[in-house]
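The values are calculated or read from the model by the stated rules, or taken from the named source; none is laboratory data. Small disclaimer: the values here were computed from a predicted structure and weren't measured. Cβ placement follows ideal geometry from the backbone for every residue including glycine, while neighbour counts extend to all protein chains displayed. Surface accessibility is based on the protein's heavy atoms, side chains included, excluding ligands, DNA and RNA. Shrake-Rupley method; radii C 1.70, N 1.55, O 1.52, S 1.80 Å.
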Amino acid sequence: MDIELKEKEEYIINMGPQHPSTHGVLRFELCLLGEQVKYVIPHCGYIHRGIEKMCEHLTYPQLVHLTDRMDYLSAHINNEAVALCVEKSMNVEVSDRVKYIRTILSELTRIASHQLWWSAFGMDLGALTTFFYGLRDREKILDIFEESTGSRLTQSFITPGGLMGDVHPNFQKRVAEFIKYFRKKLPEYDQLLTGNVIFRERTKGIGIMSKEDAIDYGVTGPSGRGSGFHCDIRKIEPYSAYPFVEVNEVTLTEGDTYARYLVRIKEMWESLNILEQLVDNVPAGPIMLELKAIKAPKGEYYQRVETARGELGVYIVSDGGPSPARMKFRSPNFSNLFIINKLAAGHKIADLVAISGSLDLVIPDIDR
Amino acid sequence: MAFLKTIREVGKYFHDIYSGVASLMRGMKVTGSYFTRPGSIVTQRYPENRDTLKMFDNFKGELMLIHDENNLHSCNVCNTCARKCPNGSIEIIYKKVEGADGRSKKILDKYVYHLDTCSFCGLCVPACDELALKFDQKFEHAVFDKRKLTKVLNKPGSSSKTTNE
Ligand code: SF4
Ligand code: SF4
């Protein structure tokens with residue numbers, strides 16, 4: 001692209017695609033005036049794998065494992081989205097046991113994702129300590145996943161019709177232990193980072209997103225809720241076991257980087273509350289529906305869920321065959337990314353790192 | 001009035017310094033308390049602990065064909081696992097032999113597993129009605145030569161339980 005420089009002092013540089021603070025292969029084209037950012041153009045596509053197209057060649061149970069690889073920090077929730085959409089199309093409902101386990105796994109995923117984000121966000125702003133503390137606690141969740149599902153990151157455990165297997169007998173005990181453990185450790189996060197004077201100075205009032213902008217750009221998830229946009233699918237359109245529990249939507253109105261940070265910290269507390277309501281009440285029941293064939297009848301279906309980063313929509317167009325005729329993912333990160341120019345323009349280049357960190361981008365989900 | 005304003009500003013200046021230092025101290029207290037309690041360290045010393053490191057039973061390592069002590073496996077070449085695999089990581093190579101009743105019968109020649117394309121989705125193991133498959137606990141998959149990742153899962157000299165009957 002040819003860009004005309006309007007002023008003599010302006011210059012264009014690339015940030016990424018191999019830049020540690022973009023957390024993946026994302027390229028920002030920056031126009032700088034000294035240290036000040038004039039505009040940011042995100043360029044994506046470096047990790048495009050054509051997941052939507054690949055889905056057209058796989059059966060419904062097979063394509064679930066590709067959705068792990070979109071937003072790999074919300075693997076369970078992505079699997080659940082596909083599973084719910086296919087179940088909706090077939091007009092079947094899974095047992096309460098499956099619903100409870102799915103929701104517990106999803107909430108654990110949300111906490112694990114926010115923990116990793118917290119670790120990396122601190123590191124983006126120069127606080128290396130947070131990385132060790134965040135990962136220490138995340139490890140506990142990954143162990144729970146590994147014991148039950150066999151994998152730590154890309155589990156492919158939730159499948160259309162139920163679950164790939166039953167959870168380990170230790171599952172509930174370990175989740176209850178984790179809730180107790182993490183309740184004790186979460187205040188450390190505030191002591192280490194939230195109250196820190198350098199951190200506050202670098203995030204407060206930086207990259208203010210208005211509620212109107214959040215809605216215009218379709219910014220969902222904690223980033224949107226930091227601007228007062230009520231967009232929590234768990235609340236608006238409860239799925240799985242969310243109708244059985246009390247979910248409090250966390251919203252703040254400031255819309256700056258600090259507000260987006262606080263929303264995620266509060267969401268971890270909230271997820272612990274949800275887990276606590278679920279973990280002791282998991283009913284008995286079958287873990288897989290007895291279905292002759294898992295395929296969507298002819299038609300179009302849409303299902304949305306709340307991942308750790310926002311609203312994930314799964315859209316299936318089916319011609320009645322074993323694979324979808326067209327599959328479309330409305331991924332939260334893609335929509336969340338493009339507001340970055342609006343947020344970062346006029347700020348310093350170091351603030352851009354804080355802003356992109358607070359949007360919590362996962363690049364494979366943008367490109368798919 | 002201007003005088004009062006200056007006093008307030010100076011007060012705020014010192015307050016900011018004080019609260020800033022206090023916030024740093026609060027953070028240091030957390031790290032310091034762990035520094036003095038080496039017992040709370042959670043890091044594992046891999047690879048030194050290789051011998052004692054045990055993965056969970058459900059862990060999805062490499063695919064394996066279960067053999068019993070007589071070197072028998074239970075695969076009857078139905079090809080279901082290969083059809084269920086989204087990545088074509090399983091190839092079942094069979095040969096036809098004449099059975100005792102004079103009819104030709106398929107027996108397993110090579111169960112080829114391509115670890116390099118396997119995405120550990122776990123669809124193959126429950127697909128097998130004979131319960132012939134399992135994931136083992138290996139997790140150190142790195143090799144220098146890609147060809148080493150193509151494995152033959154049936155052991156040399158092994159045969160199927162069903163053909164022996
Ligand atoms: S391993 Fe099982 S599923 Fe695969 S071919 Fe043999 S019997 Fe069939
Ligand atoms: S785990 Fe999945 S990808 Fe790997 S061999 Fe089994 S079915 Fe194929």
- Query: With every protein chain kept in the model, how would you rank A:Phe132, A:Phe182, A:Phe244, A:Phe229 by accessible area, 1.4 Å probe, largest at the top?
  - Reply: A:Phe132, A:Phe244, A:Phe229, A:Phe182
- Which parts of the stretch A:50-88, residue by residue, lose 10 Å² or more of accessible area when the rest of the protein chains are there, as against the chain isolated (1.4 Å probe)? A:Leu58, A:Pro61, A:Gln62, A:His65, A:Arg69
- Message: Given a 1.4 Å probe and heavy atoms of the protein chains only, how would you sort A:Thr130, A:Thr154, largest accessible area at the top?
- Response: A:Thr154, A:Thr130
- If you count, for each residue, the other Cβ atoms within 10 Å and average over each peptide, how do B:141-148, A:349-356 line up from highest to lowest? A:349-356, B:141-148
- How much of B:Arg37 can a 1.4 Å solvent probe reach, expressed as accessible area in Å² and rounded to 10? 120
- Task: Could you please state how large a percent of the accessible area of chain B is carbon and sulfur, counting protein chains only and using a 1.4 Å probe?
- Result: 58
- Name the most mobile residue of A:Leu116, A:Leu252, A:Leu291, meaning the one with the largest mean-square fluctuation, in a Gaussian network model of chain A with Cα contacts below 10 Å. A:Leu291
- With every protein chain left in place, what is the accessible area of B:Phe14 in Å² (1.4 Å probe, nearest 10)? 130
- The summed charge of the B:Val77 Cβ neighbourhood (under 13 Å; Lys/Arg +1, Asp/Glu -1) stands at +3
- Count, for each residue of B:54-63, the Cβ atoms from other chains sitting within 10 Å of its Cβ, then give me the mean as a whole number. 4
- So which GluC sites (Glu not before Pro) in the stretch B:1-92 are both in a DSSP loop and have at most 16 other Cβ atoms within 10 Å of their Cβ? B:Glu48, B:Glu69
- Query: Considering only chain A, what is the antiparallel percent among its DSSP beta bridges, to the nearest 5?
  - Reply: 100
- Message: Within 10 Å of each candidate Cβ there may be at most 13 other Cβ atoms; applying that plus a DSSP loop requirement, which trypsin sites (Lys or Arg not before Pro) in the stretch B:12-104 survive?
- Response: B:Arg45, B:Arg50, B:Lys54, B:Arg103
- Task: Output the residues of the stretch B:92-138 meeting this criterion: accessible area (heavy atoms, 1.4 Å probe) in the chain alone minus accessible area with all protein chains in place is 40 Å² or greater.
- Result: B:Ser119, B:Cys121, B:Leu123
- Rounded to the nearest 10 Å², the accessible area of A:Val250 using a 1.4 Å probe with every protein chain kept is 20
- Query: Does anyone have the angle between helix B:2-35 and the longest principal axis of chain B? Alpha-carbon axes, 0 to 90°, nearest 10?
  - Reply: 40
- Message: Per DSSP helix of 4 or more residues, -39500 (n - 2.57); summed, then divided by the residues of the protein assembly as shown. What does that give at 222 nm, rounded to the nearest 500?
- Response: -12500 deg cm²/dmol
- Item | Contour excess over end-to-end distance, with Cα ends at A:Lys328 and A:Val92 and 0.36 nm allotted per residue | 82.8 nm
- Cys with no candidate disulfide partner in the protein assembly as shown (beta-carbon separation under 4.7 Å rule): A:Cys31, A:Cys44, A:Cys55, A:Cys85, A:Cys231, B:Cys75, B:Cys78, B:Cys85, B:Cys118, B:Cys121, B:Cys128
- Query: Can you list the residues of the stretch A:136-166 that have at least 30 square angstrom less accessible area with all protein chains present than in their chain by itself, probe 1.4 Å?
  - Reply: A:Arg136, A:Glu146, A:Glu147, A:Gly150, A:Met164
- Note on the structure: Probe 1.4 Å, heavy atoms of protein chains only: per residue, the accessible area of chain B in Å² is 71
- Query: For B:Leu131, what charge total do you get from the other residues with a beta carbon under 14 Å from its beta carbon, if Lys and Arg give +1 and Asp and Glu give -1?
  - Reply: -1
- Query: Tell me: how much accessible area in total is hidden between B and A, 1.4 Å probe, Å², nearest 100?
  - Reply: 2100
- Task: Calculate the mean, over all residues of peptide B:21-29, of how many other protein chain Cβ atoms lie within 10 angstrom of the residue's Cβ.
- Result: 5
- For the stretch A:116-145 versus the stretch A:153-179, the gap between their alpha-carbon centres in whole angstrom: 22
- Over the alpha carbons of the protein assembly as shown, what is the largest minus smallest coordinate on each principal axis, giving the biggest first in Å? 112, 57, 50
- Just the accessible area per residue of chain A, please: how many Å² with a 1.4 Å probe? 38
- Message: Of all beta bridges DSSP finds with both residues in chain B, what is the antiparallel percent, to the nearest 5?
- Response: 90
- Sum up the charges of everything whose Cβ sits under 11 Å from the Cβ of A:Cys44, counting Lys and Arg as +1 and Asp and Glu as -1, but leave A:Cys44 out. 0
- With the full set of protein chains in place, find how many percent of the accessible area of chain A is carbon and sulfur; take the probe as 1.4 Å. 54
